[in-house]
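Below is one structure, written out as structure tokens, with a few remarks after it.
The values are calculated or read from the model by the stated rules, or taken from the named source; none is laboratory data. Model, not experiment: these values are computed from the prediction. Cβ placement follows ideal geometry from the backbone for every residue including glycine, while neighbour counts extend to all protein chains displayed. Side chains are part of the model used for accessible areas, which takes the heavy atoms of the whole protein and leaves out ligands, DNA and RNA. Shrake-Rupley method; radii C 1.70, N 1.55, O 1.52, S 1.80 Å.
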Amino acid sequence: MAAVFISGGIDVLRNPGPRAQRAEPVTDALPENLPLPDDTEQLVKLNAAVHIVAGSLLALNRLPRLSAAVLGASLVPTTLAGHRFWEEEDERSRAMQQVHFLKNLGLLGGLIIAATDTEGAPSLGWRARRAAKKAAGRIRD
């Protein structure tokens, strides 16, 4: 899964223009008080860098849950800015953008699973409930 983000990020850094152009209607609508660059191309490059760094960390299994969460969080605006199939007038272009949109939804699902994966260890919530039950049992005894 990480390879999609790494290769895509590298491609965007090499040629950000077309992505910036597609993203411009969305970035223009962002509130001005957000701490983000005003230039759409800079935003696209920043997003690409996030994809490369977080994708590399995920591939190397370094901070996998955090990197998956970061990728998931960045994938939502990327998808909404880059694959607005509902705005396409050309049937073929609409179909292509819809495929990319749905592909990204599938990737998002995988990232959510990776971000919440405890590698077989019980979750923190389960551990807390178990500890509370043990403590309650000791208090009664």
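Filter the range 83-102 down to residues that are without any contact (Cβ under 8 Å) to a residue 12 or more places away in the chain and in contact with a Phe, Trp or Tyr (Cβ under 7 Å, 6 or more places away or on another chain), then give me how many there are.
So the count comes out to 1.
Sort through 136, 68 and tell me the only one that's within 16 Å of residue 2 (Cα to Cα) and of a type in the set (Gly, Ala, Ser).
So the residue among 136, 68 that is within 16 Å of residue 2 (Cα to Cα) and of a type in the set (Gly, Ala, Ser) is 68.
Between 53, 70, which is under 30 Å from residue 28 (Cβ atoms), modelled with pLDDT of 90 or more, aliphatic (A, V, I, L, M) and open to solvent by 80 Å² or more (accessible area, probe 1.4 Å)?
53
If a residue must be in a helix (DSSP H, G or I) and either open to solvent by 30 Å² or more (accessible area, probe 1.4 Å) or in contact with a strand residue (DSSP E or B) (Cβ under 8 Å, 6 or more places away or on another chain) (or both), how many such residues does the range 110-123 contain?
First, pick out the residues of the range 110-123 that are in a helix (DSSP H, G or I): 110-116.
Pick out the ones that are also either open to solvent by 30 Å² or more (accessible area, probe 1.4 Å) or in contact with a strand residue (DSSP E or B) (Cβ under 8 Å, 6 or more places away or on another chain) (or both) and you get 112-113, 116.
Within the range 110-123, residues that are in a helix (DSSP H, G or I) and either open to solvent by 30 Å² or more (accessible area, probe 1.4 Å) or in contact with a strand residue (DSSP E or B) (Cβ under 8 Å, 6 or more places away or on another chain) (or both) number 3.
Taking the range 31-49 on its own, how many of its residues are without any contact (Cβ under 8 Å) to a residue 12 or more places away in the chain and either assigned to a helix (DSSP H, G or I) or under 25 Å from residue 103 (Cα atoms) (or both)?
Qualifying residue count for the region: 2.
Please find, among 111, 105, 124, the residue that is without any contact (Cβ under 8 Å) to a residue 60 or more places away in the chain and under 14 Å from the mean Cα position of the chain (by Cα).
Checking each option against the conditions leaves just 105.
Can you find, within the range 16-30, the residue that is least open to solvent (accessible area, probe 1.4 Å) among those that are more than 20 Å from residue 101 (Cβ to Cβ) and modelled with pLDDT of 90 or more?
16
Checking residue 60 against (1) open to solvent by 40 Å² or more (accessible area, probe 1.4 Å); (2) closer than 30 Å to residue 40 by Cβ; (3) at pLDDT 95 or above, only one condition comes out false. Which one?
Checking residue 60 against (1) open to solvent by 40 Å² or more (accessible area, probe 1.4 Å); (2) closer than 30 Å to residue 40 by Cβ; (3) at pLDDT 95 or above, the one that fails is (2).
Enumerate the pairs (first residue in the range 62-82 and farther than 19 Å from residue 124 by Cβ; second residue anywhere and among the aromatic types (Phe, Trp, Tyr)) with beta-carbon separation below 8 Å, excluding pairs fewer than 6 apart on the same chain, so at least 6 apart or on different chains.
Once the first residue is farther than 19 Å from residue 124 by Cβ and sits in the range 62-82, its partners that are among the aromatic types (Phe, Trp, Tyr) give 71/5; 79/101.
Which one of these does residue 84 not meet: (1) at pLDDT 95 or above; (2) open to solvent by less than 30 Å² (accessible area, probe 1.4 Å); (3) of a type outside the set (Gly, Ala, Ser)?
In the conditions (1) at pLDDT 95 or above; (2) open to solvent by less than 30 Å² (accessible area, probe 1.4 Å); (3) of a type outside the set (Gly, Ala, Ser), residue 84 misses (1) alone.
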